[in-house]
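Some notes on the structure that comes next.
The values are calculated or read from the model by the stated rules, or taken from the named source; none is laboratory data. Not measured: the values here are computed from a predicted model. Note that each Cβ is placed from the backbone with ideal geometry, even for glycine, and that neighbours are counted across all protein chains shown. Heavy atoms of the whole protein, side chains included, go into the accessibility calculation; ligands, DNA and RNA do not. Shrake-Rupley method; radii C 1.70, N 1.55, O 1.52, S 1.80 Å.
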Amino acid sequence: MGDHDHGATIRLTTAQALVRWMLVQRTELLGGTQVPMFAGVFGIFGHGNVLGLGTALHEVRDQLPTWRGQNEQGMALAAVAYARATDRRQVMAVTTSVGPGALNLVTAAGVAHANRLPVLLLPGDTFVGRAPDPVLQQVEHYGDPTTSVNDAFRPVSRYFDRITRPEQLISTLPQVARVLTDPADAGPVVLALPQDAQAEEFDFPVAMFRERLHRVPRPRPDRSDLGQALEVLRAAERPLLVVGGGVRYSGAAAEAITFAETHGVPVVETVAGRTLVPHEHPLYGGALGIIGATSANNLAAAADVVLAVGTRLQDFTTSSWTGFASKVRLVTVNTARFDAVKHAAHAVVGDARETLTELSAGLGDWVADPVWAERSARERANWDDHVDTLRRGVAPDGALTYAQVVGIVNDASSSDDYVLTASGGMPGELHGGWRTGDVKPHGSPTSGATMDLEYGFSCMGYEVVAPWGAAMARQQTHPDGLVTALFGDGSYLMLNSELYSAAFAGHPYVAILCDNGGYAVIHRLQTNQGADGFNNMLADSRGPGADGSVHVDFAAHARSLGCAVEDVPKGAGVEELRAAYLRARAVATQTQRPAVVVCRTHPSTWTEAGAWWETGVPESLSGRAAYDEAKQRQVRWL
């Protein structure tokens with residue numbers, strides 16, 4: 001800070017001060033390029049934010065773009081997807097009015113929290129002064145007048161504050177920046193903004209609005225912890241490297257591959273770490289877990305030491321903790337000690353890139369048994385043969401299979417393209433069946449990951465609205481690429497309004513809508529355990545429409561939202577879908593708006609790895625016997 005502005009102040013409203021502070025925060029992409037920390041704002045205005053924050057945003061509209069959404073949850077999920085697409089290096093803010101508008105953000109906060117993704121949520125709040133209470137959209141609490149609906153954000157926030165005085169910004173904003181950029185604490189930040197506090201003026205320090213660069217820290221591991229981890233690794237006969245989302249956000253894919261190559265260690269990917277390793281790499285064992293590949297799961301079951309880097313080892317990664325041998329030794333590397341110490345692992349707290357480099361140096365010329373390393377390629381080749389069979393197969397009614405849909409997108413995609421999904425059966429199709437081509441080299445503006453599988457919260461609707469945010473981000477970092485989203489009819493019906501937002505705003509991507517007649521993946525879970533099909537497929541639901549007489553014309557609906565549409569007729573084959581997808585890619589790029597491909601898929605042609613997932617199974621169902629057997633194999637403490 002220069003002497004000339006020491007002690008100088010500027011009079012601003014709370015909202016103006018917040019927005020001006022946002023304008024001067026900077027960060028770095030993985031390649032080192034400096035960019036604004038806040039890339040923009042998604043907003044829906046109401047009486048709780050239109051005059052305070054709305055006026056402040058209007059004043060800087062050419063410097064900080066505000067994008068109009070149609071649904072608060074939808075635009076907030078797009079903001080979360082933006083953060084993922086930039087590897088947590090840039091953040092979108094989201095502003096809403098009070099009451100229902102604010103509460104519509106809570107689900108998106110849950111998605112961001114579960115996935116460790118930064119987003120700044122700015123819900124309006126009721127009056128601090130309380131003079132007009134009870135105000136429109138206020139929920140009154142009989143025993144605590146300080147409580148508002150925004151307190152519902154507390155369980156799904158990494159940092160929560162209610163700004164009741166303008167000067168509170170001075171102390172809270174550094175904490176906001178810390179949480180949004182800290183690799184261990186990254187997640188949703190919520191600043192609840194009461195209507196009267198937004199418009200209140202204060203003499204803020206001028207120094208508060210000087211440009212500031214926030215570099216994401218890379219903590220090095222403790223030497224003692226590192227030494228003990230090296231002892232465990234050197235004693236391994238069948239080591240396995242598991243790469244998760246932390247490897248992606250650290251930009252450590254090259255270091256992970258180098259570690260595997262140097263020491264002959266097979267490598268597998270979690271859902272969040274997907275597309276970091278080229279599929280044809282001889283040490284690549286596939287995608288790990290319940291929705292992954294049999295190849296990766298076989299390697300995990302046989303491994304005696306697992307080095308898990310940048311993963312919290314959720315149930316879909318560990319097959320509900322039946323995926324590893326009972327005597328496996330687990331070494332975890334994570335920037336968050338909370339995640340590193342789980343399951344009695346030997347915890348190494350540190351940045352993935354730096355820790356992998358130090359582990360490799362410490363191992364020196366140690367190499368795993370080549371017989372074990374060679375098994376990785378054999379296992380993956382067997383899985384590839386299985387997926388090839390699924391891609392060539394024909395569904396019982398002649399409909400397309402999910403594997404065929406994924407294969408078509410996979411074949412047409414380059415390392416500049418980006419694919420995403422979230423709920424239902426599509427995550428398994430992408431996680432288990434996708435084949436990663438060339439990975440972007442070190443120095444790329446992003447990690448090189450080309451996939452967003454939101455399977456931390458598995459939020460239905462995310463995959464329909466997330467491509468809007470991802471397309472925004474990827475236009476800046478990968479202007480020659482295109483985003484493709486895959487989802488089912490159930491997700492589309494749940495949250496489709498931001499297709500119009502993206503069309504209106506001019507952000508192109510392709511969405512493939514697979515109509516399978518209901519919530520097919522939960523129907524599969526239901527019936528596979530011996531229960532009758534009930535309330536999942538449309539045909540098993542209550543009402544006269546169950547006979548098929550009431551059906552959504554998805555093509556007409558998407559077209560009415562401003563999207564270009566390719567409607568693949570029922571009974572069409574792989575080549576018809578391929579041609580439609582390629583046309584959709586072309587028209588999305590040409591018109592700068594979303595293109596939706598509607599196709600019909602068979603509801604039971606899944607890509608499955610045969611792993612177990614623990615769900616509560618009543619003793620009255622036939623699936624209970626398999627449940628009891630799997631519980632006996634479950635590792636509760638490593």
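Some points to look at:
- Residue in the range 297-309 that is nearest to Ala340 (Cα to Cα), counting only those that are in a helix (DSSP H, G or I), aliphatic (A, V, I, L, M) and touching a residue at least 40 places away in the same chain (Cβ under 8 Å): Ala300
- Criterion: surrounded by fewer than 17 Cβ atoms within 10 Å (Cβ to Cβ), out of contact with any strand residue (DSSP E or B) (no Cβ under 6 Å at 6 or more places or on another chain) and touching a residue at least 40 places away in the same chain (Cβ under 8 Å) - qualifying residue of Gly573, Gly545: Gly573
- Here Met460 fulfils each of the conditions (1) surrounded by fewer than 24 Cβ atoms within 10 Å (Cβ to Cβ); (2) aliphatic (A, V, I, L, M); (3) closer than 15 Å to Val409 by Cβ apart from (3).
- Pick from the range 1-28, criterion modelled with pLDDT of 95 or more and assigned to a loop (DSSP other than H, G, I, E, B), ranking: farthest from Leu51 (Cα to Cα): Ala8
- Count - residues of the range 32-51 that are surrounded by 16 or more Cβ atoms within 10 Å (Cβ to Cβ) and in contact with a Gly (Cβ under 8 Å, 6 or more places away or on another chain): 7
- Residues within the range 100-131 that are modelled with pLDDT under 95 and either part of a helix (DSSP H, G or I) or small (Gly, Ala, Ser) (or both), tallied: 2
- Unmet requirement for Arg593, which otherwise passes all of (1) at positive phi; (2) touching a residue at least 60 places away in the same chain (Cβ under 8 Å): (1)
- The residues on offer are Thr126, Thr96, and the sole one that is touching a residue at least 60 places away in the same chain (Cβ under 8 Å) and closer than 23 Å to Tyr159 by Cβ is Thr126.
- Each residue in the range 543-564 was checked for being more than 21 Å from Asn71 (Cβ to Cβ) and among the β-branched types (Val, Ile, Thr), and 1 of them qualify.
- Residue in the range 551-570 that is least open to solvent (accessible area, probe 1.4 Å), counting only those that are out of contact with any helix residue (DSSP H, G or I) (no Cβ under 9 Å at 6 or more places or on another chain) and small (Gly, Ala, Ser): Ala555
- Annotation note: Cβ proximity below 7 Å between a residue of the range 383-399 that is touching a residue at least 24 places away in the same chain (Cβ under 8 Å) and a residue that is loosely packed, with under 12 Cβ neighbours inside 10 Å and not in a helix (DSSP H, G or I) (sequence gap 6+ or interchain) occurs for Gly398/Gly571.
- The range 60-91 - residue that is more than 17 Å from Pro36 (Cα to Cα), among the small types (Gly, Ala, Ser) and touching a strand residue (DSSP E or B) at 6+ places or on another chain (Cβ under 6 Å) and, of those, surrounded by the fewest Cβ atoms within 10 Å (Cβ to Cβ): Gly69
- Test: residue in the range 386-401 that is within 30 Å of Val111 (Cα to Cα), in contact with an Asp or Glu (Cβ under 8 Å, 6 or more places away or on another chain) and surrounded by 22 or more Cβ atoms within 10 Å (Cβ to Cβ): no
- Search result, residues across the range 527-542 that are open to solvent by 40 Å² or more (accessible area, probe 1.4 Å), on the phi < 0 side of the Ramachandran plot and free of Cβ contacts under 8 Å to residues at least 24 places away in the same chain: Thr527, Asp532, Phe534, Leu538, Ala539, Asp540, Arg542
- Search result, residues across the range 132-153 that are aliphatic (A, V, I, L, M) and at pLDDT below 95: Val135, Leu136, Val139
- Test: residue in the range 74-89 that is touching a residue at least 12 places away in the same chain (Cβ under 8 Å) and over 26 Å from Tyr249 (Cβ atoms): no
- Some residue of the range 177-193 being touching a helix residue (DSSP H, G or I) at 6+ places or on another chain (Cβ under 8 Å), in contact (Cβ under 8 Å) with a residue 24 or more places away in the chain and over 30 Å from Val149 (Cβ atoms): yes
- Across the range 186-209, the number of residues qualifying as out of contact with any His (no Cβ under 6 Å at 6 or more places or on another chain), outside any helix (DSSP H, G or I) and buried (at least 18 other Cβ atoms within 10 Å of the Cβ) comes to 10.
- Of all residues in the range 340-354, those satisfying the criterion of being outside any loop (DSSP other than H, G, I, E, B) and either farther than 22 Å from Leu299 by Cβ or at pLDDT below 95 (or both) are Ala340, Lys342, His343, Ala344, Ala347, Val349, Arg353, Glu354.
- Pairs where the first residue, in the range 6-29, is more than 17 Å from Val60 (Cα to Cα) and the second is at pLDDT below 95 and of a type in the set (A, V, I, L, M, F, W, C), C-beta under 9 Å, 6+ apart: Thr27/Val216; Glu28/Val216
- Of the listed requirements (1) touching a residue at least 60 places away in the same chain (Cβ under 8 Å); (2) open to solvent by 10 Å² or more (accessible area, probe 1.4 Å); (3) not aliphatic (A, V, I, L, M), Asn104 misses just one: (1).
- Annotation: of all residues in the range 297-312 being open to solvent by 10 Å² or more (accessible area, probe 1.4 Å) and not acidic (Asp, Glu), the one that is farthest from Pro221 (Cα to Cα) is Asn298.
- Filter result (part of a helix (DSSP H, G or I) and either among the hydroxyl-bearing types (Ser, Thr, Tyr) or surrounded by fewer than 22 Cβ atoms within 10 Å (Cβ to Cβ) (or both)) within the range 313-339: Asp315, Thr317, Thr318, Arg337, Phe338
- Cβ separations smaller than 7 Å between residues 6+ apart or across chains give the following pairs from the range 617-630 residues that are open to solvent by 40 Å² or more (accessible area, probe 1.4 Å) to residues that are in a helix (DSSP H, G or I): Pro618/Arg624.
- Count of the range 498-515 residues, restricted to those that are open to solvent by 20 Å² or more (accessible area, probe 1.4 Å) and either aromatic (Phe, Trp, Tyr) or under 13 Å from Phe554 (Cα atoms) (or both), is 2.
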